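Below is one structure, written out as structure tokens, with a few remarks after it.
Rule-based calculations on the coordinates, nothing more; no lab input. On a predicted model such as this, the values are computed, not experimentally measured, just so you know. Methodologically, a virtual Cβ is constructed for each residue, glycine included, from the backbone with ideal geometry; neighbour enumeration extends over all protein chains shown.
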Amino acid sequence: MRIKDAATARLRELGVEVKQGVALADETSLGIGGTTDELLLRKYETIPEVMGLLAEEKIPHRFLGGGTNVLIADGDLPYVILHLPTAHPGMRVEGNAAYVDASADLGGMVTFCAKHDLGGMEGLIGVPGSVGGALRMNAGAYGTQIGPHVREVELYRAATGKIETLRGHEIRFDYRHTSFAPDDVMLRVKLELPSKPFKEILAGIKVCNEKRRSSQPLNQKSAGCIFKNPPGGSAGRMIDELGLKGHHVGDAMVSDRHANFFVNAGKASCADMLKLIEDVRERVRSGFGVELENEVIVWRN
Ligand code: EPU
């Protein structure tokens, strides 16, 4: 989608950088995604005004975080992309509290807190993506989830057009799911973390990194796990037991390292990846009678 010149000029007045014709394949860990204009916000505080302007100009839009858990359609996209300010995201520690901007890198936040002797998030170290994405999805790995550490979230609520603060107990964090509205935009978070010596945290981080390296295709383009694990089961194990490692549609392929990771082995399109997802879902349904639910977020046109 191309933003008209008049709207571009108004956006620039609000300090928004407008980039035209951006290939989102370059901004997602899967290396898949069509083309559209992109808006880079410079200040969180301008969000209500920017959103008001987009509504007035009838410009459909979506926020993109780290791009590590999303499968975006091919071709010319019918919406523009918004990015929160990413230069020097704020992170600070006060006692056992960490205050972090949503655009910060999740792993960067874990190590920053570790350096201040705050632990409890070791398991999240290798989870790619932004803090905002991790909050929205309640990211987790190796027994750690971000949700239980959240004390406050500052967010832009499209429903009210305002920046608001929610307390931790007002938010539901479930397995890879939260009670945030789909159009809520995470801005900042306050976490409460247990005190732990840096050395101990580092040892925990090392263990998680090794486990991840030995079981996941880290050097290939993927969006992490494609399906949520069904209650009490393992999507990866089921897909593996069906002999589907290496199974592919075009360049979209079931990883031969971890069967719940689908990788872009070359020039996979979104259509290829969606076909592979439906094919594997169908095979698991007929093989095990289990209906797998997507873990990856799909942005269809
Ligand atoms: N397994 C196989 N074959 C495979 C993959 C796994 O037999 O190809 C077996 C493993 O041997 C193990 C079981 O399945 O017995 C579970 O595998 P694993 O420990 O790799 O964990 P997972 O349940 O597949 C989950 C999360 C990952 C997270 C890891 C580590 C989901 C959907 N996945 O994977 O998160 O990194 O645990 O805690 O919850 C993600 O969210 O994108 C993600 C990758």
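Please name which of P78, M273, L118 has its Cα lying farthest along the dipole of the chain towards the positive end, using unit charges on Cβ (Lys, Arg +1; Asp, Glu -1) and the Cα centre as origin.
The listed residue farthest towards the positive side: L118.
If the only charges are +1 at each Lys and Arg Cβ and -1 at each Asp and Glu Cβ, what is the size of the charge dipole of segment 150-195 around the Cα centre, to the nearest 20 debye? Write down the numbers at each step before the final one.
Details: 8 positive and 8 negative charges, 11 e Å.
I would put it at about 60 debye.
Work out how much length K267 to E291 would gain on full extension: take 0.36 nm times their residue separation and subtract the Cα-Cα distance, in nm to one decimal.
Value of the extension gain: 5.8 nm.
Give me the net charge of D101's neighbourhood, meaning all other residues with Cβ under 11 Å from the Cβ of D101; Lys, Arg count +1, Asp, Glu -1. Please list the in-between numbers first.
Numbers: positive: R92, R188; negative: D105, E154.
Net local charge, D101 excluded: 0.
Over the chain, what portion of Cα pair distances is larger than 32 Å, expressed as a whole percent? Intermediate values should be presented prior to the final figure.
Numbers: 13447 of 45150 pairs.
Every Cα pair in the chain considered, those over 32 Å come to 30 percent.
By how many nm would the segment from S234 to S195 lengthen if fully extended, with 0.36 nm per residue of separation less the alpha-carbon distance?
10.8 nm
Which net charge results when you count Lys and Arg as +1 and Asp and Glu as -1 among the other residues whose beta-carbon is under 10 Å from that of N219?
Charge balance in the 10 Å sphere: +3.
Report the charge-dipole magnitude of the chain in Debye, nearest 20, computed about the Cα centre from +1 at each Lys and Arg Cβ and -1 at each Asp and Glu Cβ.
The dipole of the chain has a size of about 500 debye.
For K211, give me every one of the lysines with a C-alpha distance below 24 angstrom, ignoring sequence neighbours fewer than eight places off in its own chain.
K115, K196, K199, K221, K228, K245
Subtract the Cα-Cα distance of L166 and S215 from 0.36 nm times their separation in residues, and report this length gain in nm to one decimal. Show your work: numbers first, answer last.
Working: separation 49, 0.36 × 49 = 17.64 nm, distance 3.66 nm.
So the extension gain works out to 14.0 nm.
Sorting check: for 133-139, 24-30, 40-46, which peptide has the highest mean count of neighbouring beta carbons within 10 Å, and how do the rest follow?
The densest-packed peptide leads the list: 133-139, 24-30, 40-46.
Suppose a student asked you for the relative contact order of the chain, using Cα pairs under 8 Å spaced at least 6 residues apart; what percent would you report?
Values: 634 pairs, mean separation 49.9, N = 301.
Relative contact order comes out at 17 percent.
Report the net charge of residues surrounding G67, where surrounding means a beta-carbon distance below 10 angstrom and charges are Lys +1, Arg +1, Asp -1, Glu -1.
Local net charge: -2.
Sort out for me the Cα centre separation of segment 234-274 from segment 21-88, rounded to whole Å.
Segment 234-274 and segment 21-88 have Cα centres spaced 27 Å from each other.
Assuming R0 = 22 Å, what is the FRET efficiency of N96 and Y142, from their Cβ-Cβ distance, to the nearest 0.05?
The computed FRET efficiency comes out at 0.50.
Can you give me the distance in nm between label points at E56 and R257, each placed 7 Å from the Cα along the Cα-to-Cβ direction?
Between E56 and R257, the label points sit 4.9 nm apart.
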